[in-house]
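Report on one structure; see the data block that follows.
The values are calculated or read from the model by the stated rules, or taken from the named source; none is laboratory data. Small disclaimer: the values here were computed from a predicted structure and weren't measured. As a convention, Cβ positions derive from the backbone with ideal geometry for all residues, glycine included, and neighbour counts pool all protein chains shown.
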Amino acid sequence: IGLGISLLLLIISSTASFISIKNLIKSADLVVESNTIISDVDNIVSMLKDAETGQRGFLLTGNTVFLDPYERSIKRTDSLFSRVMVATKSNAFEQQKLKELRVIIDKRMDILISTIQTKKSKGIVLENVLLEGKKYMDDARQIIREIRNEEKRSLAEKTKEMNALAGFSPFLIIFAAILSILSTVFFYQKVSSEFNERVSLFQQLQHINEDTAKRIDTIKSIAHQISTGNYKVRLHETSKDGLGSLSGSLNSMAEALQTSFALLEDKDWMQTGVATLNDKMVGDKDIHALAGDVLIAVVEHTKSMVGALYILDEDQHLHLISGYALNVNEAKKKIAKGEGLVGQAFQSEKLILLEKIPNNESTISYATGQTRPSNVVAFPIIRNGLVLGVIELATINAYPQRKIEFMNNISTNVGIAINSAQSRKKLQDFLEETQSQAEELQSQHSELEALNAELEAQTQKIQASE
């Protein structure tokens, strides 16, 4: 657009300059034409004078040699008159005067011809004829004077117009040049500004391109880490563009994968713990051995630091059957229902979790010292809706939800195993009691047989004595 406007201004200024120069040339031509007209009418007077001079010489001497200027003047006068008529055709006043001059010249020429003919015929040229010729000559001079004055007036106007155009043309050219320079400077600044804006825009685009490349590399790196199993990695992208949306989708995918694999991991961890515990509970173990194996398996799988297993005895109190890293001086051997965390878990038949407990509670002992747990949990051991005992665990770390679910899930399995061990113990005790009673009956039977034999011997003696 700027180039088009500059070109338009250049065309306008060039056209104006061309028109001005053309008018100046035209005015100069008109000035030359006016000078030519004045010169031609002056020459007409000169030709008439030459004709009169030749006439006078011939009249005085009778020598035809003097007629040569006369004859040349006649031919020259006609040529000049025709040229002046053509040159002044645009001026009505001059055309009218030239017509009057034509009549006067013709009459003057007629008188010249008549006087020359009279002289040639040896006649006498009358004075009144000469005076009449003089009168026509004076009239011709007057008309030519008027034509000259008119042409001078026209020449003055044309000269004034030419001077005005001559004075206006430089200003027009200078104005056009200044306008062109100003437009050139203006559009140069505009083009320069647009160029700078384009350079700035290019730099911005280059920066955006580099930033986009870095972001794409980051996304590729995150995607690679996710593909290798690192589902915790995240993209911290705040932009609202396409890459920002892609980053959000990638984060959502990572979160979904993390959740899915966390669930699978929790499930696998749960199944592994249950399977390990079941393996520990297989076999005909007594209650103490079984309790020890169960407690070790639970403590290790939940990464607890201390543990205790209590079983309900016939006296309706909970007795400590097995311990893991217990401080023997602090552990209670016997707990009533509803007493403490263990008694409350037994009575409520629900898992109880204590978090961030004070430091003045129980301690966890190890070879070089002791520490205090910050989280304690107790959950009941249940068989067919009956609570058989309670397991209490403690650690300095928190118990996540999956460990709580694990404890709830194994409660019944441990209850079955404990109940089986108790049943085996009761059966074993019953068998031992039955065997003892059988042995006692056998002894009594032997004693009766001996007594019976003794009685038979005495009877035989009595019969023999009779």
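Please verify whether residue 29 is farther than 18 Å from residue 134 by Cβ, part of a helix (DSSP H, G or I) and free of Cβ contacts under 8 Å to residues at least 12 places away in the same chain, treating the condition exactly as stated. Here the answer is yes, as residue 29 does meet what is asked. Within the option set 404, 410, 391, being aliphatic (A, V, I, L, M), buried (at least 22 other Cβ atoms within 10 Å of the Cβ) and under 17 Å from residue 269 (Cα atoms) holds for one residue only, 410. Given the condition assigned to a helix (DSSP H, G or I), in contact with a Lys or Arg (Cβ under 7 Å, 6 or more places away or on another chain) and either assigned by TED's automatic domain parsing to the domain that holds residue 37 or under 18 Å from residue 46 (Cα atoms) (or both), answer yes or no: does some residue in the range 158-166 qualify? No, the range 158-166 contains no residue that is assigned to a helix (DSSP H, G or I), in contact with a Lys or Arg (Cβ under 7 Å, 6 or more places away or on another chain) and either assigned by TED's automatic domain parsing to the domain that holds residue 37 or under 18 Å from residue 46 (Cα atoms) (or both). Taking the conditions (1) out of contact with any His (no Cβ under 7 Å at 6 or more places or on another chain); (2) at negative phi in turn, residue 283 satisfies each one other than (2). Among the residues of the range 231-240, is there at least one that is assigned to a helix (DSSP H, G or I), surrounded by 11 or more Cβ atoms within 10 Å (Cβ to Cβ) and modelled with pLDDT under 75? No: zero hits. Among the residues of the range 58-89, those that are among the hydrophobic types (A, V, I, L, M, F, W, C) and closer than 25 Å to residue 154 by Cβ comprise 80, 81, 84, 85, 86, 87. Would you point out the residue of the range 312-340, among those that are aliphatic (A, V, I, L, M) and either touching a Lys or Arg at 6+ places or on another chain (Cβ under 6 Å) or modelled with pLDDT of 90 or more (or both), that is nearest to residue 386 (Cα to Cα)? Top of the filtered list is 312. Candidates in the range 345-380 are the residues that are of a type in the set (D, E, K, R) and in a loop (DSSP other than H, G, I, E, B); of these, the one that is modelled with the lowest pLDDT is 361. For the range 131-155: of the residues being hydrophobic (A, V, I, L, M, F, W, C) and at pLDDT 80 or above, which is farthest from residue 95 (Cα to Cα)? Result: 131. Return a yes/no flag: does the range 423-430 have any residue that is surrounded by 10 or more Cβ atoms within 10 Å (Cβ to Cβ), in contact (Cβ under 8 Å) with a residue 40 or more places away in the chain and closer than 26 Å to residue 278 by Cα. Yes: the range 423-430 contains one or more residues that are surrounded by 10 or more Cβ atoms within 10 Å (Cβ to Cβ), in contact (Cβ under 8 Å) with a residue 40 or more places away in the chain and closer than 26 Å to residue 278 by Cα. Would you check if there is a residue in the range 409-421 being outside the structural domain of residue 302 (by TED's automatic domain parsing) and over 14 Å from residue 291 (Cα atoms)? There is no residue in the range 409-421 that is outside the structural domain of residue 302 (by TED's automatic domain parsing) and over 14 Å from residue 291 (Cα atoms). From the set of residues in the range 186-228 that are touching a residue at least 12 places away in the same chain (Cβ under 8 Å) and among the basic types (Lys, Arg), which is surrounded by the fewest Cβ atoms within 10 Å (Cβ to Cβ)? Ranking the qualifying residues of the range 186-228, first place goes to 190. Here 436, 374 are screened, and the one residue that is assigned by TED's automatic domain parsing to the domain that holds residue 354 and either touching a Lys or Arg at 6+ places or on another chain (Cβ under 6 Å) or hydroxyl-bearing (Ser, Thr, Tyr) (or both) is 374.
Taken as a whole, the structure leaves residue 396 outside the set of residues that are in the same structural domain as residue 289 (by TED's automatic domain parsing) and closer than 20 Å to residue 319 by Cα. Against the test of being assigned by TED's automatic domain parsing to the domain that holds residue 44, part of a helix (DSSP H, G or I), surrounded by 14 or more Cβ atoms within 10 Å (Cβ to Cβ) and touching a Ser or Thr at 6+ places or on another chain (Cβ under 7 Å), the options 112, 98, 80, 130 yield a single qualifying residue, 98.
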